[in-house]
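Derivation of every value follows stated rules applied to the coordinates shown; laboratory data play no part. Bear in mind that the values here come from a model prediction, so they are computed numbers and not experimental data. All Cβ positions, glycine included, derive from the backbone under ideal geometry; neighbour counts span all protein chains shown.
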Amino acid sequence: MNTHKEIIRIQDLSFSYDGRPFLEEINLCIYSDDFLGIIGPNGGGKTTLLKLILGILKPDSGVIEVFDKSPREGRAQIGYLSQFVDIDFDFPITAREVVLLSRLAGRLIKRYSQADKTAAEDALRQMKIWDLRNRKLNQLSGGEKQRVFVARALANRPRLLLLDEPMSNIDIHVQEAFYEILSDLHRSIAIVVVDHNLDMLSRYVKEVACINKCDSHGLRYHGIDSLEMKRICEA
């Protein structure tokens, strides 16, 4: 079980697009045993916040520490699934090959070691899709594809998993199975998930933060009652 240790610290963070304030005075701590849901309106800054944590974007002011380092230095310990996966779904590649590819990032020699193969197998098993390992990506359902992409994020053995709307437009029963898997994963890894399904989040996450761009309250924590979350997020 994870210990309660701070792994991400965001203090007085502000960010603007083209000189226009977008996020202001954001304060947030993420801990090693967190299963945190982030909610908010479309365009409220949820994806922007994740990109700031990853060092893809730079804040105008404030502090972001990722595993006691800068975001660019610390993001190697983060597994990330973006809202839009940039991949050719018709390319003839198997689920196992998709996961293995993540192990080659930044290497000069593009050859899989036994450790790579073991890590990919572990990730596929964690996502309960080992039996689909030899299936082509275009033969998988939407929910199965998303499990493959999460497995790809897990293959480098991160300490934190960031998921940006991983179950968007997926059948409710598939979403339930997916969140059950995340609950199992949470025993050994911190998870932050952005999702619009408030009912689903309320059943699984430990805590919720609601974010809205230029909200004077910044990023606020709440309990996990779904009706209360909906009321606050629509306010």
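Within segment 54-85, take every residue that is of a type in the set (F, W, Y) and surrounded by 15 or more Cβ atoms within 10 Å (Cβ to Cβ) and give me the one that is nearest to G143 (Cα to Cα). Break it down stepwise before answering.
Initially, segment 54-85 is screened for residues of a type in the set (F, W, Y), giving 67, 80, 84.
Imposing the further condition that a residue be surrounded by 15 or more Cβ atoms within 10 Å (Cβ to Cβ) reduces the set to 67, 80.
Values: F67: 31, Y80: 17 Å.
Per the stated criteria, the residue is Y80.
Hey, does segment 1-11 have a residue that's under 15 Å from the mean Cα position of the chain (by Cα) and closer than 15 Å to L162 by Cβ? Quick ask: steps written out before the conclusion?
Step one: list which residues in segment 1-11 are under 15 Å from the mean Cα position of the chain (by Cα), which gives 7-8.
Now narrow it down to the ones that are closer than 15 Å to L162 by Cβ: 7-8.
Checked segment 1-11: at least one residue is under 15 Å from the mean Cα position of the chain (by Cα) and closer than 15 Å to L162 by Cβ.
So S113 passes all but one of these: (1) hydroxyl-bearing (S, T, Y); (2) over 19 Å from S188 (Cα atoms); (3) touching a Ser or Thr at 6+ places or on another chain (Cβ under 9 Å). Which condition number does it fail?
Every listed condition holds for S113 apart from (3).
Identify, from the list G40, G55, G45, the residue that is free of Cβ contacts under 8 Å to residues at least 24 places away in the same chain, small (G, A, S), in contact with a strand residue (DSSP E or B) (Cβ under 8 Å, 6 or more places away or on another chain) and over 15 Å from I191 (Cα atoms).
Details: G40 fails: free of Cβ contacts under 8 Å to residues at least 24 places away in the same chain; G45 fails: free of Cβ contacts under 8 Å to residues at least 24 places away in the same chain.
That would be G55, the only listed residue that is free of Cβ contacts under 8 Å to residues at least 24 places away in the same chain, small (G, A, S), in contact with a strand residue (DSSP E or B) (Cβ under 8 Å, 6 or more places away or on another chain) and over 15 Å from I191 (Cα atoms).
Every residue, every condition in (1) within 17 Å of S141 (Cβ to Cβ); (2) of a type in the set (S, T, N, Q), yes or no:
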residue	(1), (2)
L154	no, no
R157	no, no
L163	no, no
Y179	yes, no
A190	no, no
D195	no, no
S202	no, yes
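Could you say which residue among R135, R147, R72, R111 is under 24 Å from Y179 (Cα atoms), among the basic types (K, R) and without any contact (Cβ under 8 Å) to a residue 40 or more places away in the chain?
Values: R135 fails: without any contact (Cβ under 8 Å) to a residue 40 or more places away in the chain; R72 fails: under 24 Å from Y179 (Cα atoms); R111 fails: under 24 Å from Y179 (Cα atoms).
Criteria check complete, one pass: R147.
Out of segment 156-188, which residues are among the small types (G, A, S) and under 12 Å from the mean Cα position of the chain (by Cα)? Talk me through it step by step, then tell me what you get.
Within segment 156-188, the first condition is being among the small types (G, A, S), and the residues that meet it are 168, 177, 183, 188.
Correct list: empty.
Give segment 3-37 a look and list any residue that's among the small types (G, A, S), out of contact with any helix residue (DSSP H, G or I) (no Cβ under 9 Å at 6 or more places or on another chain) and under 18 Å from V205 (Cα atoms), or say none. Give the derivation first.
Of all residues in segment 3-37, those among the small types (G, A, S) come to 14, 16, 19, 32, 37.
Now drop any that are not out of contact with any helix residue (DSSP H, G or I) (no Cβ under 9 Å at 6 or more places or on another chain), which leaves 14, 16, 19, 32.
S32, the sole residue that qualifies.
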